[in-house]
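> Please see the structure below; I have some questions.
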Amino acid sequence: MSIFPTSILVATDGSEEAALAGQTAADIAQNTGSELYVLYVEEDTSNLIPAYGPYMFLSPEKVKALIREAHSLATQTLDEQVAHIEDAGGRVSGSCLRHGGADQEIVKLADEIGAGLIVMGSRGLGGIRRALMGSVSDSVVRHAHCPVLIVRREAAHLAAKSSARVAGTVTTQLAGFGSNAYHLKRVEPAVPRSRSER
């Protein structure tokens, strides 16, 4: 039995963290021969349609135009992420644009394609914001039926591809041996402080 996933789902939101997650997923897919799928979840636009709310003073035509613009932006973001992965040497087997709650749609598509690994970025919400709002990545980790690799961009810049590649490969190898949550984090070496800074 192989510990490597046969298919990997990378969820993107167009952020720098998601771009790093895409690169990490592409590296893992290349190293393991896995198929790679890319998902972008567009926010539900049903909140634009009710008669009451922030958009109640807009004409129906303006609301429809906003919905079309949001869909166009979502499609563009998904296409850019796919191109980014392919430019980096990855091979995308499929891409998907969904509507609704991001966490629910990520878990749902992972189940549909039989993903062996979900890779996604995390914006690193602070403790208070996470406690109040929760986060998409936390929810996916709790509800997914496969391992989830959360890629965080702390102080590291996107140029840290080789570190992400090594960490991603090692994390994939560990995926078969424990819980379904793995947090990939780049750690910079400590710089010795002078006596005056102590």
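The values are calculated or read from the model by the stated rules, or taken from the named source; none is laboratory data. Remember, it's a predicted structure, so these values are computed and weren't measured experimentally. Positions of Cβ are backbone-derived with ideal geometry, glycine not excepted, and every protein chain shown enters the neighbour counts.
> Among the residues of region 60-74, is there at least one that is hydrophobic (A, V, I, L, M, F, W, C), within 18 Å of residue 149 (Cβ to Cβ) and at pLDDT 90 or above? Walk me through it before giving the result.
Keep residues of region 60-74 that are hydrophobic (A, V, I, L, M, F, W, C), which gives 63, 65-67, 70, 73-74.
After this cut, where a residue has to be within 18 Å of residue 149 (Cβ to Cβ) as well, the list is none.
No: zero hits.
> Which residues, taken from region 143-155, are part of a loop (DSSP other than H, G, I, E, B), in contact with a Leu (Cβ under 8 Å, 6 or more places away or on another chain) and either at pLDDT 85 or above or not charged (D, E, K, R) (or both)? First the steps, then the outcome.
Step one: of region 143-155, the residues part of a loop (DSSP other than H, G, I, E, B) are 144-147, 153-155.
Then keep just the ones that are in contact with a Leu (Cβ under 8 Å, 6 or more places away or on another chain); that gives 146-147, 153.
Listed by number, the residues that qualify are 146, 147.
Residue by residue, here is whether (1) out of contact with any Asp or Glu (no Cβ under 9 Å at 6 or more places or on another chain); (2) among the polar types (S, T, N, Q); (3) closer than 29 Å to residue 152 by Cβ; (4) at pLDDT 90 or above holds:
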site	(1), (2), (3), (4)
4	yes, no, yes, no
40	no, no, yes, yes
46	yes, yes, no, no
92	no, no, yes, yes
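> Under the condition of being in contact with a helix residue (DSSP H, G or I) (Cβ under 7 Å, 6 or more places away or on another chain) and not in a loop (DSSP other than H, G, I, E, B), which residue from region 1-17 is surrounded by the fewest Cβ atoms within 10 Å (Cβ to Cβ)?
7
> I've got another one for you. Count, please, the residues in region 99-142 that happen to be assigned to a helix (DSSP H, G or I), at pLDDT below 85 and surrounded by 13 or more Cβ atoms within 10 Å (Cβ to Cβ).
Taking region 99-142 as the starting set, the residues that turn out to be assigned to a helix (DSSP H, G or I) are 102-113, 127-133, 136-142.
Within this subset, residues satisfying the condition of being at pLDDT below 85 are 127-133.
Right, trim to surrounded by 13 or more Cβ atoms within 10 Å (Cβ to Cβ) and you get 130.
Total meeting the criteria: 1.
> Same structure again: Hey, can you tell me all the residues within region 19-44 that are more than 20 Å from residue 75 (Cα to Cα) and of a type in the set (D, E, K, R)?
27, 35
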